[in-house]
1. Collect residues whose amide H, placed 1.01 Å from N in the peptide plane, falls under 5 Å from the amide H of Leu89; neighbours closer than 5 in sequence don't count.
2. For helix 201-215, what angle does its Cα long axis make with the longest principal axis of the chain, in degrees from 0 to 90 and rounded to 10?
3. Find out how many positive minus negative residues lie around His216, taking Lys and Arg as positive, Asp and Glu as negative, among other residues whose Cβ is under 13 Å from that of His216.
4. Once both axes come from the Cα atoms, what is the angle between helix 118-135 and the longest principal axis of the chain, in degrees from 0 to 90, rounded to 10?
5. Starting from the Cα-Cα distance between Glu162 and Met188, subtract it from 0.36 nm times their residue separation and give me the gain in nm to one decimal.
6. Per the Kirkwood treatment, what hydrodynamic radius in Å, one decimal, follows for the stretch 1-116 from the mean inverse distance over all distinct Cα pairs?
7. For the stretch 47-187, how big is the tail of P(r) above 20 Å, as a whole percent of Cα pairs?
8. Quickly estimate the mean residue ellipticity at 222 nm for the chain, helices only: each DSSP H run with n ≥ 4 gives -39500 (n - 2.57), and the total goes over all residues, rounded to 500.
Amino acid sequence: LIIDLDQEANATITLGIKRENVKLDVVDFLLQTQLSDEIIVKTDVDNLNIICSSLRVQGLEGELSKLQYNKYLLQKKLNEIKNYYDYILIDCPPSFGLIIDNALYASDSVIIPVECSFYAYDALTQMVNKIDEVQSVKPLLIEGILLTKLDNRNTIGYKIVEQVKFMFPYNTFKTIINISSHIQEAPMYGKSVIQFSPNSRGSKEYKKLAKEILEHE
């Protein structure tokens with residue numbers, strides 16, 4: 001199961017679902033008292049479901065701020081369905097707030113994607129501090145730091161790789177995702193890069209990443 005908590009709805013769109021066609025979304029999942037069958041959507045990928053995002057997620061922070069125990073709402077909701085799934089992946093927005101808090105408190109482990117650019121690297125420290133805050137309350141494993149969008153034509157990217165590996169030698173994935181035209185093009189067709197171009201470099205890198213994650217278990 002994928003839960004798309006990002007208002008950009010990239011996970012939703014990549015799986016071939018248009019935001020404007022979403023009837024019930026992750027806002028309904030979090031705020032409705034009863035779980036509707038329409039909230040969890042089957043995708044064209046075997047054994048993969050999604051709870052979609054939509055433009056309504058823009059107002060979710062405000063709705064959560066009105067509620068008691070608002071950091072634990074997603075955790076409570078997942079307790080109702082988690083036994084039906086081998087894995088639940090939560091796609092988060094690139095910002096801090098109650099949405100990120102909900103995702104972290106509901107999770108057993110976290111993957112931190114870091115683009116190979118200075119600003120993304122600078123934000124890494126903030127995310128690690130946030131994870132430390134959550135770890136003071138509950139167990140939360142850093143599954144790994146994932147370096148992405150490495151441009152092999154630019155030396156700054158390699159400097160970021162070296163810095164991250166120096167700071168987090170035991171928490172950085174060996175797999176690095178390079179900039180790829182196939183990765184950029186695949187969402188235009190409502191497909192993941194593995195569906196769109198299974199033999200491309202980007203596809204092979206994500207398959208390699210999946211194997212590396214599974215080896216951690």
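1. Ile2, Ile3
2. Computed tilt is about 70 degrees.
3. -3
4. Once rounded, one gets 50 degrees.
5. Working: separation 26, 0.36 × 26 = 9.36 nm, distance 3.28 nm.
Gain on extension, Glu162 to Met188, equals 6.1 nm.
6. Values: mean 1/r = 0.0694 Å⁻¹.
One over the average 1/r among Cα pairs gives 14.4 Å for the stretch 1-116.
7. Working: 5497 of 9870 pairs.
Looking at the stretch 47-187, the distances longer than 20 Å represent 56 percent of pairs.
8. Computed ellipticity for the chain at 222 nm equals -11500 deg cm²/dmol.
The values are calculated or read from the model by the stated rules, or taken from the named source; none is laboratory data. Because the structure is predicted, anything quoted here is derived from the model rather than measured. All Cβ positions, even for glycine, are placed from backbone atoms using ideal geometry, and neighbour counts span all protein chains on display. With ligands, DNA and RNA removed, areas are computed over all heavy atoms of the protein, side chains included. Shrake-Rupley method; radii C 1.70, N 1.55, O 1.52, S 1.80 Å.
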